[in-house]
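Quick note: the coordinates plus some simple rules give every number you see, no bench work behind them. As the structure is a prediction and not an experimental result, all values here were calculated from the model. As a convention, Cβ positions derive from the backbone with ideal geometry for all residues, glycine included, and neighbour counts pool all protein chains shown.
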Amino acid sequence: MNPLPRIDIDTQVIRRNAQFLCNRLGRVGISVTGVTKGVGGHPAVAQAMLDGGVVGLADSRLDNVMRLRTAGITCPISLIRAPMRAEMAGVVAYCTNSYNTELETIALLGAAALAVGRVHGVMLMVEVGDSREGLLLRDLPAFVSAVHRHSGLRLDGVGVNFACLSGVPPTTAALLYLCAAIATAESASGIRIPQLSGGNSASLPLLLTGPDHARVNNLRLGESILLGCEPVSGRLINGLSDTAFGLVAEVIESSHKSHRVTVATTRPVDISNQVVLALGSQDTDIQGLGFPLGCTLAGSTSDHSVLDTGKRRRTVGSEVALTMNYSALSRAMAVTAISKRLCVKPQPAVGVARRPSVLLRA
């Protein structure tokens, strides 16, 4: 039996979510890269994505990529955070390509690739309004030429981000402007840019319901595959499931307590049933959890969470099933003290309201 706290993972739900999205996007000529950073590069989750039809994987941490390779995964894997100086050799060894925004970094990658007789792929990340990372569109022709000049490098394409830092979703105008800038860069350099990775799960509503954006031929999807939702609105996508993951915590104290007792009085005020869970902010994003019906979060510390359970009394040692948003999931999956149990249907957090759904039409 896996110790608590524990994350239950249903890989079949992940596979079906990936399959649904790959099929829908495939109709409009868009391939899917499965993003594994939200699960710490967990090999079983990655394999479920591949079984669902993703063309490759992507992660932001080199350690996660190495974990995938060690597990025997041989598909293309992208590093979607620009590599640090100490990572150059590892990136060349383990990653098919990497996303980059600095000429100096690109030169170091080229040198590292040449040193071991490899050719490393480069995706150029451009800034189109998210204000996180990315080179300016006016600089794209110079970067395309710079990559092309390095014999140890291969230009794989251009990528963009939406709704990561700014929370602003993509617009038709932004994508059309981007496509025009790519055409200009190709004309100026004489080099064809093979792939335009048009963002993450936040791009789904526009690309599946808006006008044709022919140059966008790839999306990097994590949250929609893992949790079945569109990240900007948080709504469940029709056809997808949000039951792939469940977090289970143990009750380590159960009592009647007041939330307004003071040192000056011993008179009980607002007495209610209360439990303490062996789960805190060191383990996950507590604010990103969903609680069972009748339970509310009274507060949390680094290693405790206190729930008001209303009229229901829970016993010490009993389990409480919780749901997680993407922030809670990514933090919990990175914690080694939280065990992971595969291929089981997660316990439902009874009575937790399901998110409203959004219909994506092709």
Next item on the list: Name the residue, out of 65, 126, 116, whose mean-square fluctuation peaks in a Gaussian network model built on the chain with Cα pairs under 10 Å.
Entry: 116
Check: Points 7 angstrom from Cα along the Cβ direction at residue 302 and residue 27: gap in nanometres?
Finding: 5.1 nm
Next item on the list: Name the residues whose placed amide hydrogens come within less than 5 Å of the amide hydrogen of residue 305, ignoring near sequence neighbours (fewer than 5 apart) on the same chain.
Entry: 277, 279
Next item on the list: Return 331, 85 ranked ascending by Cβ neighbour count within 10 Å, so the fewest neighbours appear first.
Entry: 85, 331
Notebook entry, point to check: Roughly what would the spin-label model give for residue 253 and residue 241, points 7 Å off Cα along C-beta, in nm?
Noted result: 3.8 nm
Next item on the list: Name the most mobile residue of 155, 68, 136, meaning the one with the largest mean-square fluctuation, in a Gaussian network model of the chain with Cα contacts below 10 Å.
Entry: 136
Check: For 84, 333, what ranking results if the residue with the fewest other Cβ atoms within 10 Å of its Cβ goes first?
Finding: 84, 333
Margin query: Calculate the FRET efficiency for residue 173 and residue 119 from the Cβ-Cβ distance with a Förster distance of 35 Å, rounded to the nearest 0.05.
Written below: 0.45
Next item on the list: Set the Förster distance to 41 Å, then compute FRET efficiency between residue 85 and residue 183 from the Cβ-Cβ distance, nearest 0.05.
Entry: 0.75
Next item on the list: Starting from the Cα gyration tensor of segment 1-115, take the square roots of the eigenvalues, sort them a ≥ b ≥ c, and report rounded, prolate or oblate (rounded when a/c is under 1.5, otherwise prolate if a/b is larger than b/c, else oblate).
Entry: oblate
Next item on the list: Compute the Cα gyration tensor for segment 139-211, then decide on rounded, prolate or oblate, letting a ≥ b ≥ c be the square roots of its eigenvalues: rounded whenever a/c is under 1.5, prolate when a/b is larger than b/c in the other cases, and oblate in all that remain.
Entry: prolate
Check: Which cross-chain or sequence-distant (5 or more) residues have an amide H under 5 Å from the amide H of residue 58, H modelled 1.01 Å from N in plane?
Finding: 34, 35, 36, 78
Check: Taking only the alpha carbons of segment 71-141, what extent do you get along each of the three principal axes, in Å, biggest first?
Finding: 37, 26, 21
Check: So what's Rg/Rh here for the chain, counting alpha carbon atoms and using the Kirkwood radius for Rh?
Finding: 1.05
Checklist line | Cross-link reach list, lysines versus residue 340, counting only Cα pairs under 21 Å and skipping chain neighbours closer than eight places | finding: 37
Item checked: Value of [θ]222 nm, deg cm²/dmol, for the chain, DSSP H segments ≥ 4, -39500 (n - 2.57) each, nearest 500 -> -8000 deg cm²/dmol
